[in-house]
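Below is one structure; the comments refer to it alone.
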Amino acid sequence: MNKYKVPSKPHIYQNFINGHYKNSSGNETFERESPGHGAIIGQYPLSNKKDTEEAIAVAKKTFKSDEWSSLTGVDREKIIRNVAAIIRERAEELALIETLESGKPISQALDEMEWAAGIWDYAATLARHIAGDVNTNVGRDMTAMMQKVPVGVVGMITPWNFPLLIISQKLPIALAAGCTAVIKPSEMTPGTTLLLGGMLKEAGLPDGVVNIVAGYGDPVGMTLAESNDVDMISFTGSTAVGKHIVRASAGNLKKVELELGGKNPQIIFPDADIDALIDAVVFGIYFNMGECCNSGSRIIIHEDIAAGFEAKVIAHAKKVKVGDPLDPTVKVGAIINNNQFDKIMKYIESGIAQGAKVTLGGKALKSDRGSFIEPTIFSDVTPDMDIACEEIFGPVLSILTFKTAQEALDIANGTDFGLSAGVWTKDIDTAMYMTRNIDAGTVWVNNWMSGYPEIPFGGMKQSGLGRELGPHAVDEFMETKSVLIKMGATPGDWVG
Ligand code: NAD
């Protein structure tokens with residue numbers, strides 16, 4: 001019998017401000033319906049501008065108090081590492097909430113809790129390695145110190161597709177740097193981020209360092225982006241909203257770090273090991289129902305091997321189990337909401353209208369409760385079609401063909417995005433040429449979507465600004481202050 005069930009009543013959540021849970025000042029709330037079951041599973045505070053400003057004021061006062069940033073690296077490390085342990089302890093409860101709110105399969109949500117905990121572990125280590133630099137090469141009497149100082153209050157705005165994982169790519173690193181934060185999770189999946197507040201307190205984080213406000217982009221996200229008391233915004237979401245954040249943040253020229261959308265190509269050369277890559281292609285597009293920034297949504301394959309590849313990928317995709325996200329054997333769950341469902345179906349219609357051929361799926365799946373879309377494959381796709389260059393964010397794969405490596409590269413680089421890309425070949429020259437010339441923040445060779453806390457992640461072109469993860473991730477949340485110290489007598493000879 002399946003132990004994961006839809007709860008009989010919704011979970012009631014509150015904002016987390018100054019170390020305490022509280023309702024929104026207007027006592028207003030909003031609800032979330034599970035996209036896989038059509039049941040109301042959460043009630044959250046509908047926060048307003050005043051709530052957001054209160055959270056910002058607390059984060060600013062706490063930052064100014066130095067209570068967090070003046071702790072030693074080892075003390076910050078202990079608290080950050082405690083959070084990793086608490087995430088692991090509560091992984092089942094957190095994964096269930098994410099599956100219910102997002103429609104993602106429970107087995108995948110459980111994996112994500114471990115990935116998230118792993119980033120907290122890594123960030124804990126980084127907390128002990130923050131150090132500036134010294135330059136004694138600027139003259140006998142001069143010593144320059146490059147101090148690393150935390151940027152201040154960071155506003156973090158996150159999307160719905162990997163709620164706890166994405167906040168875990170930002171928050172522990174910012175905490176390692178000594179920053180304070182105000183977090184706005186997506187209105188569709190705020191549950192685990194709101195619970196994180198209590199987990200941080202349990203881990204020993206002082207009150208006021210992290211504040212969490214649930215609600216909509218307007219007003220909560222906009223208030224963060226516009227506030228003169230927020231020193232940096234770290235945003236993950238769509239390219240359109242990312243541009244809005246840049247404009248809104250101009251008031252105090254705050255630092256902005258953006259993780260945005262993608263239309264990620266996988267380029268397959270004739271010498272690739274087709275049997276090995278088929279599973280990676282199917283995983284790359286149907287993982288998280290295709291609602292993934294890293295979705296491998298464009299296959300660009302040499303025309304000589306396209307037909308054989310298509311037959312194999314269709315056969316493999318047919319085996320993907322779609323259905324109740326709470327079933328541990330399901331790989332593709334429900335689509336996040338009706339808007340996204342309609343958007344995906346419109347892209348499928350546009351692919352057909354523009355002349356591409358549906359070779360698998362293409363329809364909504366019949367279900368009494370929840371919204372599901374069949375794993376879909378389009379062949380005969382050309383680079384000018386909408387399904388070839390726009391982010392669909394659904395289980396829809398587009399297959400394009402090429403004759404020469406240059407043509408493959410031109411197609412791959414022919415969109416506004418530059419998040420990630422894949423190259424499948426056993427030829428070292430081809431692999432190196434492609435990795436050097438593809439516009440992407442991450443390029444995978446003979447694999448898809450491997451990732452580690454140690455390895456930076458982020459986008460080129462309109463896929464982002466800055467990098468998360470990796471040893472230099474803390475630098476995104478810090479300023480460099482140069483201090484120049486003169487020894488001995490200083491001759492005052494400017495006026496003469
Ligand atoms: P979205 O841009 O609609 O929303 C993201 C967040 O911004 C939400 O919390 C939302 O409430 C908030 N927001 C909306 N309007 C706002 C405004 N005017 N001012 C401030 N905040 C506002 O994105 P989404 O639909 O939640 O997520 C899907 C998108 O996220 C896709 O484009 C996907 O590629 C991208 N994404 C990127 C990465 C990455 O690491 N590059 C990871 C995951 C998702």
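The values are calculated or read from the model by the stated rules, or taken from the named source; none is laboratory data. What you are looking at is a predicted structure, and each value in this text was computed from that prediction instead of being measured. Note: ideal-geometry Cβ built from the backbone for every residue, glycine included; neighbour counts use all protein chains shown. The protein model used for the area step is the full one, side chains on, heavy atoms only, and it has no ligands, DNA or RNA in it. Shrake-Rupley method; radii C 1.70, N 1.55, O 1.52, S 1.80 Å.
The table for this structure:
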| quantity | calculated |
| --- | --- |
| Residues being open to solvent by 10 Å² or more (accessible area, probe 1.4 Å) and more than 15 Å from the ligand (Cβ to nearest atom) - total across the range 160-213 | 8 |
| Criterion (basic (K, R), open to solvent by 20 Å² or more (accessible area, probe 1.4 Å) and either in the same structural domain as K426 (by TED's automatic domain parsing) or within 16 Å of the ligand (Cβ to nearest atom) (or both)) met by exactly one of K318, K263 | K318 |
| Matching entry among I285, I268 (being within 18 Å of the chain's Cα centre (by Cα), of a type in the set (A, V, I, L, M, F, W, C), crowded, with 24+ Cβ neighbours inside 10 Å and farther than 22 Å from L164 by Cβ) | I285 |
| Those residues of the range 326-340 which are within 13 Å of the ligand (Cβ to nearest atom) and surrounded by fewer than 20 Cβ atoms within 10 Å (Cβ to Cβ), in sequence order | N337, N339 |
| Selection count, the range 430-457, where residues are within 15 Å of the chain's Cα centre (by Cα) and on the phi > 0 side of the Ramachandran plot | 1 |
| Flag for V246 being within 13 Å of the ligand (Cβ to nearest atom), under 23 Å from G466 (Cα atoms) and in contact with a helix residue (DSSP H, G or I) (Cβ under 7 Å, 6 or more places away or on another chain) | no |
